[in-house]
Amino acid sequence: MAGKPAIITRVVDSMTDNLRPTRAEATDVANAVLDGTDGILLGAETLRGLYPVDTIRTVGRICSEAEGAYNQSLQFKRIVQHAGEPMSHAESVASSAVRAAVKVKAAVIVVFTSSGRAARLIAKYRPPMPVLAVMFPRQKTEPLNSSSFGTTQARQSLAVRGIYPILANPSLVSYIMNKKIIRTASSNYYYLDRGRVVVTLT
């Protein structure tokens with residue numbers, strides 16, 4: 001509800017030595033997905049287990065089936081209620097972007113960001129379509145640290161369900177603004193003129 005990444009582990013311990021999980025373990029994996037878990041971390045099952053590939057394949061199938069039964073509309077209402085009123089500007093933009101994407105059956109939600117915060121806010125509302133976070137790296141100004149700001153944020157976004165980060169060239173923003181999109185009445189909503197893609201700029 002708060003939008004913090006939740007990653008669980010030790011869910012299919014029996015697959016360290018067995019080809020199939022127990023019924024209780026399979027149920028635990030499915031319930032974790034239905035409860036909103038962002039990721040499942042496999043440890044001994046793939047480190048020293050006898051069936052590492054089969055374990056990943058089995059857990060993936062269980063997660064896929066559970067995602068198909070996920071009630072996105074109910075979870076969306078719960079998260080909106082948890083956000084409270086009056087809703088902050090960022091929360092309003094994120095929830096509205098997800099609602100618009102669901103209404104128009106968008107294939108993907110594209111978020112242009114440098115910190116990843118906007119992408120995490122949108123992913124918090126559990127949209128049924130993937131969130132493509134286009135990360136624009138910025139050069140740090142500190143003299144002792146000249147590393148690029150953006151690569152770490154992109155890696156951290158991988159821990160959140162549904163976010164697919166991509167590092168982009170900062171010059172891409174001006175190209176998209178000039179060539180590809182039509183601005184709507186709101187300053188934070190953009191729609192591609194071809195294809196069903198909802199875009200939010202941060």
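Each reported figure results from applying straightforward, stated rules to the coordinates on display, with no laboratory input. Everything quoted here is computed from the prediction, not taken from an experiment. Cβ placement follows ideal geometry from the backbone for every residue including glycine, while neighbour counts extend to all protein chains displayed.
For a test of the definition: using alpha carbon positions, the gyration tensor, and the 1.5 limit on a/c, classify region 18-129 as rounded, prolate or oblate.
It is prolate, given that a/c is not under 1.5 and a/b is the larger ratio.
What list of ³J(HN,Hα) couplings, whole Hz, do you get for region 16-29 from phi and the Karplus terms 6.51, -1.76, 1.60, once you set θ to phi - 60° and write x for glycine and proline?
For region 16-29, the Karplus-derived couplings read 5, 10, 10, 6, 10, x, 6, 5, 5, 5, 4, 5, 4, 5 Hz, x marking Gly and Pro.
Which shape class, rounded, prolate or oblate, goes with region 7-68 when its Cα gyration tensor gives a ≥ b ≥ c as root eigenvalues, a/c under 1.5 marks rounded, and past that a/b bigger than b/c marks prolate?
prolate
Using Cβ contacts closer than 10 Å as the measure, can you line up Tyr51, Tyr164 from fewest to most?
Tyr164, Tyr51
List the relative contact order of region 7-68 as a percent without decimals, with contacts defined as Cα pairs under 8 Å and 6+ residues apart.
44
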